[in-house]
1. Give the number of residues within the range A:388-398 that are within 14 Å of chain B (Cβ to nearest Cβ) and either touching a helix residue (DSSP H, G or I) at 6+ places or on another chain (Cβ under 7 Å) or part of a loop (DSSP other than H, G, I, E, B) (or both).
2. Examine the range B:221-234 for a residue that is surrounded by fewer than 21 Cβ atoms within 10 Å (Cβ to Cβ) and over 29 Å from residue B:207 (Cα atoms), and state whether such a residue exists.
3. Would you be able to tell me the number of residues in the range A:35-57 that are over 17 Å from the mean Cα position of the chain (by Cα) and in a helix (DSSP H, G or I)?
4. Consider residue B:235 carefully, then state whether it is away from chain A (no Cβ under 14 Å), over 30 Å from residue A:305 (Cα atoms) and assigned to a helix (DSSP H, G or I).
5. Suppose we filter B:139, B:199, B:185 for residues that are over 30 Å from residue A:336 (Cβ atoms) and buried (at least 21 other Cβ atoms within 10 Å of the Cβ); which single one remains?
6. Restricting the first residue to the range A:359-372 and requiring it to be more than 7 Å from chain B (Cβ to nearest Cβ) and surrounded by 15 or more Cβ atoms within 10 Å (Cβ to Cβ), which pairs with a second residue that is assigned to a loop (DSSP other than H, G, I, E, B) and modelled with pLDDT of 85 or more meet a Cβ separation below 8 Å and a spacing of at least six or different chains?
7. Going by what's in this entry, would residue B:99 be described as in a helix (DSSP H, G or I) and either without any contact (Cβ under 8 Å) to a residue 40 or more places away in the chain or surrounded by fewer than 24 Cβ atoms within 10 Å (Cβ to Cβ) (or both)?
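The values are calculated or read from the model by the stated rules, or taken from the named source; none is laboratory data. Not measured: the values here are computed from a predicted model. Glycine also receives a Cβ, built like all others from the backbone with ideal geometry; neighbour counts cover every protein chain displayed.
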């Protein structure tokens, strides 16, 4: 065993917020050249642990050691100086600055305050080359880069600082499959250089690919740990949720009936090509494709969020042109945004307001609104979807990701939509909430509603959908029953834009 | 959630500014030099009467700030409608029609603000900064760069300290503020429109997603605010008895400060009518107390500037605790 020196050691770390014991006696260790995954549901304490490691929070009890010496960072900057860098889920780059300026921010090579640009550029080119991304120009503005390239810039920033430990919090949630595999290559390189990575993710398949060891947190305690190569995904899930999940994709029996929504030649300003698609009542239609393939744009056009240039939508036999969400909602469409933080929810408003905002009619009379009735209704939905919240008047930003998503979904249920358009409905939420959302989708289909959902996660597309459509570079290239697809054929279609039709797979 | 809890929460959100007001009143009434005069009914009445213009404008501004916007043209708008009332009376129009002209001008300026903000997609700060200059310029143009004298009419009794039917007790202007405040509080808290205003300010994208016509909501809010400025213009004319195009210069900052002291957040989604009114009175009583103490003007300015920063800091602390 080479290069396996202990780098980081945590013993009995505890943290409480008020009466809540968020972390309870956590032990954790990390060795050189190792990737260790931290797994757990939303609210299990992962983020708190990361914040303690980075120095954003101080632990209430326990000891941390970095390379054998006491480590108690007073702030994230202090932590960074000691060699521990965090790469957050939402990237922390200044979009107006160039790649170079972002990477060197706070550590510019300078002389009497004057930046030595040449030296800076040299250093950065070196790092980007090491990361296998010499094509990223240090002089381009960050706002012009793709999400994947921004991730690389973040990592470069950590490397320039010679960080020994990198903490990655859901690093792939905004990356396409291609960028994800780049990232994994980079992690491998970092490992070979003796750096250590703490990897936090909900994507268990990814964790299996990239991590060496894992720790599972549940309710602030360590619920399991071990070598990833000796543990199956089912075992991981069991540790994460604390019970055996009977079925990750619960199938609620449903039978597709007549066509409920049909769109012909729909094209918005943001779509590159017109799309025609139909969905039947009692059907779940999954949409696969790479990030940027035009799936989100299609859903937004259908809901009237982007300006529509052409095409027609026929819903329940009546045709209309989607021009504004107000009309779409009246027609019976419901839309779940992929970005619940900045678009899907008004985080500073209450759960009740968020839930009822798209359909206030039941609570209004002569323009006045009955707050009491509204809260009663919201309380009903909180119970039905088992949303974990103190009260319906609670502000949404306090809730965990999974519960926020359930609030956003409850809004569509509440407005009694007939066709549900869901964009990445399970992004960034824990396994249990995911399973609940799949079940809701199944129940909707059983009630003769229709669901169109976009996802980048192939197993869920295959596990939940009745039919699957694939987008490639703005074009709808195939729609087939889900049973006719496999993960491989879906991926191939999404990446190449070609299907296996020639092989006679089409039934 | 018990409704009792809910009401309690509502009250405590205005509690901070309220304590501030009590503090201001307490400090000045304890000053030996003025303790006998400060809390006298006559003084309170005069302070409140002087606050009518700021209060009216601040009611509209509260709505704008709740949507996450701002209106820098409020004071210029007030001056324009003040001038137009005087101008109309001189044209021989009956006083009520002259008042309507002032009100309509205010509403129109507000409507243009909203229209430009939503159509041109330019931020409110810039649009209303431009409108601030345009409205002020228009006021000076109409008034030919001087005060417009107008004959006395019943309009000039709106702001009198001794109202004609004695049972009114205070000037009609103050009654107007009270009635409109109650109406606006109901509009903001209890109606669908109010809910939509809050949603637009809390997260415009979400509001749109939920089927709210966000642009229309904003145009209505700016128009409403303009109407309030117009009304304040009428009151200003009533008080001055002339149309003065240079009146209320810089008052927009007092108006914004009142809303912010009262708990309004410039990033939108927050603000209350009660808080705003308390903010108005904190500033008025501070000014009044300083003047009575014979403290120089610059001293007042420093104190009020500091109060704004302290108030908003305290508000931030309260939020981070939640």
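1. Quick first cut of the range A:388-398, residues within 14 Å of chain B (Cβ to nearest Cβ) only: A:389-398.
In the following step, the residues that additionally are either touching a helix residue (DSSP H, G or I) at 6+ places or on another chain (Cβ under 7 Å) or part of a loop (DSSP other than H, G, I, E, B) (or both) were identified as A:389-394, A:396.
Summing the residues that are within 14 Å of chain B (Cβ to nearest Cβ) and either touching a helix residue (DSSP H, G or I) at 6+ places or on another chain (Cβ under 7 Å) or part of a loop (DSSP other than H, G, I, E, B) (or both) in the range A:388-398 gives 7.
2. No, the range B:221-234 has no match at all.
3. Number of matching residues: 7.
4. Details: away from chain A (no Cβ under 14 Å): yes; over 30 Å from residue A:305 (Cα atoms): yes; assigned to a helix (DSSP H, G or I): yes.
So residue B:235 passes the test.
5. Residue meeting the stated conditions: B:139.
6. Correct list of pairs: A:359/A:415; A:359/A:416; A:363/A:370.
7. Taking the combined requirement at face value, the residue does not satisfy it.
Residue-wise test of (1) more than 16 Å from residue A:199 (Cβ to Cβ); (2) in contact with a helix residue (DSSP H, G or I) (Cβ under 8 Å, 6 or more places away or on another chain); (3) crowded, with 18+ Cβ neighbours inside 10 Å; (4) not assigned by TED's automatic domain parsing to the domain that holds residue A:226.
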{"site": "A:16", "(1), (2), (3), (4)": "yes, no, no, no"}
{"site": "A:22", "(1), (2), (3), (4)": "yes, yes, yes, no"}
{"site": "A:30", "(1), (2), (3), (4)": "no, no, yes, no"}
{"site": "A:36", "(1), (2), (3), (4)": "no, no, yes, no"}
{"site": "A:41", "(1), (2), (3), (4)": "yes, yes, yes, no"}
{"site": "A:46", "(1), (2), (3), (4)": "no, no, yes, no"}
{"site": "A:49", "(1), (2), (3), (4)": "no, no, yes, no"}
{"site": "A:55", "(1), (2), (3), (4)": "yes, yes, yes, no"}
